[in-house]
Amino acid sequence: MAQSANSWELPIDTGEIPQNDAVFDAIVVGGGPGGSSAAGYLAMAGKSVLLLEKGLWPRDKICGDAVGGKSLGHVKALGVKETLESTPHFRVTGIKFSSPKGNTVRVALPEEDVQRLEAGYSLPRMQFDHLLFDRCQHLVRENGGMVIQDCAVTQVLFDDGNGGEDPGQGMGNQRHAKGVVVKIGGRKGEERTYFSKEIVGAAGYQCPVAKAVVKDSFSEEMVDNMHYCGGYREYWRNVKGCEGGIGDIEIHFVDSVVPGYFWIFPVNDEVANVGIGMVIGLLKKEKKKLKALQKDVIENHPLFKERFANAEMIDGSGKGWQLPFGSPRKKEKNQPRRASMHGIRLVGDSASLVDPFSGEGVGNALVTGELAANHILAGKTPEEYQAEMWKILGPELTNSYRMQKLSRKKWLLNWFVGKASKKPQIQEMMTEMIASKEAQENLHSPWFMFKTLMF
Ligand SMILES: Cc1cc2nc3c(=O)[nH]c(=O)nc-3n(C[C@H](O)[C@H](O)[C@H](O)COP(=O)(O)OP(=O)(O)OC[C@H]3O[C@@H](n4cnc5c(N)ncnc54)[C@H](O)[C@@H]3O)c2cc1C
């Protein structure tokens, strides 16, 4: 008898395709975590939303697959937490770090969060995104909206805000978004146009809405290679030390990989997501290739070759993608870069908001999805969105950028991990830092750091 498929391996029925020229309260471009969040929150507030997704479920998403505590509040609010917990996943209880010299330290996630099931999970994005999108597309359709998959936005339409001609490229705030042109069913598919005065750009690092804002309207740069990261991931079965469905995820500052890192994130009791990430500017400078680096670490590194000796890579799972970091850019007024204009708000990767130290981006996509929805509901200005987004995320993104820059120095990693592996007080401080913003502030207190590290 044929084995029945898991729910996240099945297609999602998103109903009828709206008529050409249809008008909505809001159009959300992209159905990943950022777009699902924006569409879900808008729909729950009773808005008619058009949710557009280029892919066709079931679909993969290249990621490390860790879903941190920040995400789980939104996963719960959007009504997906129980469903997620009823499917296979790995419950994260801590993070193991190793230094280039090979010292290791374990940082426990806060015990209360672990007990309350609020610390973090890891599970394949194919599964996570399916559960989230499916729930949010239901919310959208129950509230008078519509959803299209296999539908790529190809153009954003503008006017002058009074229904007059589009003032044209490079005309910044004189332009007001009014709708999108889409292709349904692939490149040669049918073209249609939909209208709304509120558009959310959530189509990831190559989002056409972000390009229409940053590049086309304001003639600013989209990509800065010192703030974009290359990431490569593979799925492996039977990696030693990843069994049991609960435990630690691992971040290794391997000598050959620094200034990047090698990760092992189990995603259920059989499979682990294994990958490498490095800032693209540094990758180019060092002339490194992520796939080859990973092969070398797995086959030859003393910490890992035994663990992978009886493991096998899942065919076709080796894939690369980019992470647009939210690290503050030099001389940029709109940090980390412009994320709004009349009628448009960008969320998640489309607004370049991935944490520059940990590589986490799902949480910030969910947070900004909700923020964009709230700003649309409250009728706030584009400037208010940009300012509030940076007020919420700026301090931690700036902090993480400092940590990323420190982690490029091998001697410092060796010294710090060496100290931390011997001093429980440092491990506790790191646990605290994961749990509270106040504890993160301590990182900036030279006296606190001196005391903790030296005595
Ligand atoms: C190798 C790697 C490892 C990572 N590891 C982690 C991790 O462990 N934890 C973590 O939190 N984050 C991680 N990230 C970052 C994380 O994947 C992203 O930050 C997150 O997916 C951002 O969500 P999003 O909704 O903004 O964009 P996406 O998830 O990229 O979703 C965008 C959606 O838009 C659709 N789309 C694209 N173009 C169009 C178009 N023209 N029209 C309509 N739809 C379109 C896409 O099909 C996609 O569904 C990793 C990223 C990479 C590359």
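The values are calculated or read from the model by the stated rules, or taken from the named source; none is laboratory data. Keep in mind the model is a prediction, meaning the values are calculated, not measured. Virtual Cβ from ideal backbone geometry, glycine too; neighbours counted across all protein chains shown.
Observations on the structure shown:
- Screening residue 393 with (1) surrounded by fewer than 20 Cβ atoms within 10 Å (Cβ to Cβ); (2) on the phi < 0 side of the Ramachandran plot gives one miss only, at (1).
- Note on segment 387-405: residues that are small (Gly, Ala, Ser) and at pLDDT 95 or above total 2.
- Residue match in segment 209-228 (condition: touching a Lys or Arg at 6+ places or on another chain (Cβ under 6 Å), at pLDDT 95 or above and of a type in the set (Ser, Thr, Tyr)): yes
- Residue, nearest to the ligand (Cβ to nearest atom), within segment 184-201, restricted to residues that are over 14 Å from residue 27 (Cα atoms) and not in a loop (DSSP other than H, G, I, E, B): 184
- The listed residues are 265, 357, 308, 325, and the only one of them that is of a type outside the set (Asp, Glu), surrounded by 15 or more Cβ atoms within 10 Å (Cβ to Cβ), touching a residue at least 24 places away in the same chain (Cβ under 8 Å) and away from the ligand (no atom under 16 Å from the Cβ) turns out to be 308.
- Residue list for segment 360-380, filter: surrounded by fewer than 24 Cβ atoms within 10 Å (Cβ to Cβ) and within 28 Å of residue 259 (Cβ to Cβ): 360, 367
- Per-region count, segment 202-212, residues near the ligand (Cβ under 9 Å from one of its atoms), closer than 15 Å to residue 182 by Cα and not in a loop (DSSP other than H, G, I, E, B): 2
- Among residues of segment 115-143, those that are more than 10 Å from the ligand (Cβ to nearest atom), within 23 Å of residue 13 (Cα to Cα) and in a helix (DSSP H, G or I), counted: 13
- The set of residues from segment 1-36 being under 20 Å from residue 197 (Cβ atoms) and among the polar types (S, T, N, Q) comprises 19, 20.
- Of all the criteria given as (1) surrounded by fewer than 22 Cβ atoms within 10 Å (Cβ to Cβ); (2) outside any loop (DSSP other than H, G, I, E, B), the one not satisfied by residue 316 is (2).
- Between 146, 171, the distinction of being of a type in the set (A, V, I, L, M), touching a Leu at 6+ places or on another chain (Cβ under 8 Å) and either away from the ligand (no atom under 12 Å from the Cβ) or under 28 Å from residue 267 (Cα atoms) (or both) belongs to 146 only.
- Taken over segment 215-239, the residue count meeting the criterion of being within 15 Å of the ligand (Cβ to nearest atom) and aliphatic (A, V, I, L, M) is 2.
- Of all residues in segment 360-398, those satisfying the criterion of being part of a helix (DSSP H, G or I), under 19 Å from residue 323 (Cα atoms), within 16 Å of the ligand (Cβ to nearest atom) and among the small types (Gly, Ala, Ser) are 363, 365, 369.
- Number of the condition not met by residue 136 [criteria: (1) more than 30 Å from residue 180 (Cα to Cα); (2) touching a Gly at 6+ places or on another chain (Cβ under 8 Å)]: (1)
- Residue pairs whose Cβ atoms lie under 8 Å apart, separated by 6 or more positions or on different chains, with the first residue in segment 392-420 and under 26 Å from residue 365 (Cα atoms) and the second of a type in the set (Lys, Arg), are 395/437; 396/437.
- When each of 228, 235, 205 is tested for being buried (at least 18 other Cβ atoms within 10 Å of the Cβ) and out of contact with any Phe, Trp or Tyr (no Cβ under 9 Å at 6 or more places or on another chain), the lone residue that passes is 235.
- Hits in segment 381-414 - residues which are aliphatic (A, V, I, L, M) and farther than 15 Å from residue 258 by Cα: 387, 389, 392, 393, 397
- Residues of segment 170-202 that are crowded, with 21+ Cβ neighbours inside 10 Å and either over 21 Å from residue 376 (Cβ atoms) or of a type in the set (Val, Ile, Thr) (or both): 180, 182, 199, 200.
- Cβ separations smaller than 6 Å between residues 6+ apart or across chains give the following pairs from segment 372-386 residues that are modelled with pLDDT of 95 or more to residues that are among the hydroxyl-bearing types (Ser, Thr, Tyr) and outside any helix (DSSP H, G or I): 382/340; 385/340; 386/340.
- Test: residue in segment 246-256 that is under 14 Å from residue 90 (Cα atoms), surrounded by fewer than 22 Cβ atoms within 10 Å (Cβ to Cβ) and not charged (D, E, K, R): yes
- Test for residue 302: is it under 24 Å from residue 67 (Cα atoms) and touching a residue at least 24 places away in the same chain (Cβ under 8 Å): no
- The lone exception for residue 165 - which of (1) touching a helix residue (DSSP H, G or I) at 6+ places or on another chain (Cβ under 9 Å); (2) more than 16 Å from the ligand (Cβ to nearest atom); (3) in a loop (DSSP other than H, G, I, E, B) it fails: (1)
- Restricting segment 335-354 to residues that are in a loop (DSSP other than H, G, I, E, B) and within 15 Å of the ligand (Cβ to nearest atom), the residue that is surrounded by the most Cβ atoms within 10 Å (Cβ to Cβ) is 347.
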